[in-house]
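Below is one structure, written out as structure tokens, with a few remarks after it.
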């Protein structure tokens, strides 16, 4: 006979390659997890350029979320 005592579920946030998807703290206001965006990107899932950083259109980052190459950054 076997018994399950503990279950742990892990997941990643979809940060579109502009943040580490395993580091998404809970926003107390919205009660949802949000990415810690890099490369002048904004939004809960880094899905847009921050205000005033729209000279280069937003694109998804690389497949490794902690690597933010120059070609995917939003610029002034």
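Just so you know, all these numbers are worked out from the coordinates, no wet-lab data involved. Quick caveat, the model's predicted, so the values are computed rather than measured. Cβ placement follows ideal geometry from the backbone for every residue including glycine, while neighbour counts extend to all protein chains displayed.
Odds and ends about this structure:
- GNM on the chain, alpha-carbon springs under 10 angstrom: the most fluctuating residue among 61, 11, 39 is 11.
- Here the spin labels are modelled as points 7 Å beyond Cα on the Cα-Cβ line, and at residue 33 and residue 10 they lie 1.1 nm apart.
- Per residue, the average separation of C-alpha pairs within less than 8 Å and at least 6 apart gives the chain a relative contact order of 29 percent.
- When the chain is treated as a GNM with alpha-carbon contacts under 10 Å, the residue of 14, 47, 28 showing the greatest mean-square fluctuation is 28.
- Surface/4 of the Cα convex hull for the chain, nm²: 6.7
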